[in-house]
Amino acid sequence: MQKHTGDKIGNPNAATITILQQMADYYGQVGDQWRIRAYRKAIATLRNHHTKVWTKKQALALPQIGERLAAKIEEIAVTNRLLRLDNAKVEPSDQVLQTFMGVYGAGFAKASEWVAQGHRTLDEVLASGNLTESQRIGIEHYEDFNSRVPRHEVEQHGAFVRQALHKIDPAFEVIVGGSYRRGSQTSGDIDCILTRPNTNASHLRTVISGQLIPTLQAQGFLVASLATTSRDDGSKWHGASCLPTSQNKIWRRIDLLLVPSDQIGAALIYFTGNDIFNRSLRLLASTKGMRLNQRGLFRDCMREKGREKISEGVLVEGEDERKIFDVLGVPWRPPEHRIC
Ligand code: DCP
Ligand code: MG
Ligand code: MN
């Protein structure tokens, strides 16, 4: 019997797991969430299994492993490699797909559509005209939007927004959230949380869209508007910003997140992330019969049978970030430690 190099003592399926993990990483790059989950489940099963799995039949007998993955496990066990992975590494259409998925506003579905239409370069996609205005800006500023923002530059963008907003109303607060608040040295974008004591969503919206955004546009700081969502309980403005005094004129992705003061604790948790940490907190809340979202922590949520509608329930806490941790029974975690 062939001895697999790289087998860890005690785990007879280590070589199989390594290759399945590479495949999962590959699906991660192309954004195929469904397959990533399937691979992760299979990997978890194999980690807990104490004998080597050689055949499709053996694999199928285990929990969380379906037909196709079982066949792949047999292929890996027998040949010590996976043909699909070898192909994935060289297949040019996959590289094109990855490039297309880097376009702001284009997900897996849109990128696949462009590939299916025969496009091989971003210029071809631009010329085809089959794209939204946001996606067009995403292509024209592809390099900028796909480069990381150094921490000091995130601070400069945050300070620019803060200064303009304080001129309009000094009672406003600007908190930079996202990966910056978690202490990252570089960020993918700039997440600005805008709030003001004793202020509801409608007043926030009036000030931000009526005064702040036009001011920042006139100053040459906000250079593109990409998406807006407007709700009674808060709104988001997604766009691009550029420091007017900078030499390089790099466009950065910026999000302005409007948060009423009575929701600021829950919003801080949500917009600080990371996304996995958020998911685990929400899950924890639900195991305690509560519901956590970016507006607050709620109890007695009603779930109507057979219907989607869930009533929000009774607000337990929305304003105080620490109190939400307390009620959930989670020891306080500073933002830098909210990485899962
Ligand atoms: N968020 C979430 N679930 C998502 C997307 C976002 O919980 N699917 C929350 C957690 C994120 C925050 O919103 O930390 C900001 O989203 P970003 O996409 O800006 O992510 P980060 O700021 O964490 O990382 P990056 O440096 O890539 O911007
Ligand atoms: Mg961010
Ligand atoms: Mn963001």
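Each value in this text was obtained by applying a stated rule to the coordinates, not by laboratory testing. Predicted, not measured: the structure shown is a model, and the values here were computed from it. Here Cβ is always computed from backbone atoms with ideal geometry, including for glycine, and neighbour counts include all displayed protein chains.
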Using Cα-Cα distances under 8 Å and only pairs 6 or more residues apart, what relative contact order does the chain have, in percent?
10
Per-selection Kirkwood Rh - the chain (Cα, Å, 1 d.p.)
23.2
To test your reading of the geometry: what angle, between 0 and 90 degrees and rounded to tens, separates the Cα axis of helix 67-79 from the longest principal axis of the chain?
60
Sequence of H152, H166, H49 once ranked by neighbouring C-beta atoms within 10 Å, starting from the fewest:
H152, H166, H49
Which value in nm describes the separation of the simple spin-label points at R322 and R37, placed 7 Å from the Cα toward the beta carbon?
3.8
Please return the longest stretch of the chain lacking exposed loop sites, where GluC sites (Glu not before Pro) count only if DSSP places them in a loop and at most 14 other Cβ atoms lie within 10 Å.
1-303
I want to verify a result. In a Gaussian network model of the chain, Cα cutoff 10 Å, which of these has the top mean-square fluctuation: G210, G318, G188?
G210
Once the Cα gyration tensor of the range 79-236 is found, what semi-axes does its equivalent ellipsoid get, as square roots of 5 times the eigenvalues, in whole Å, sorted largest first?
38, 19, 15
Note on the range 87-219: contact order normalised by length, alpha-carbon pairs under 8 Å, 6 or more apart, percent, works out to 18
Exposure proxy check: Y270, Y27 ranked by fewest other beta carbons within 10 Å?
Y27, Y270
Rg and Dmax of the range 209-340, Cα atoms only, in Å
18.0, 59
Gain in length, N130 to F108, computed as 0.36 nm per residue apart minus the alpha-carbon separation, to one decimal in nm?
6.4 nm
May I ask you to evaluate 6.51 cos²θ - 1.76 cosθ + 1.60, the Karplus curve with θ = phi - 60°, for each residue of the range 324-331 and list the ³J(HN,Hα) values in order in whole Hz, giving x for glycine and proline?
4, 4, 4, 4, 6, x, 9, x
Taking the Cβ of each residue in R68, R136, R253 as the centre, tally the other Cβ atoms inside 10 Å and list the residues starting with the fewest.
R68, R136, R253
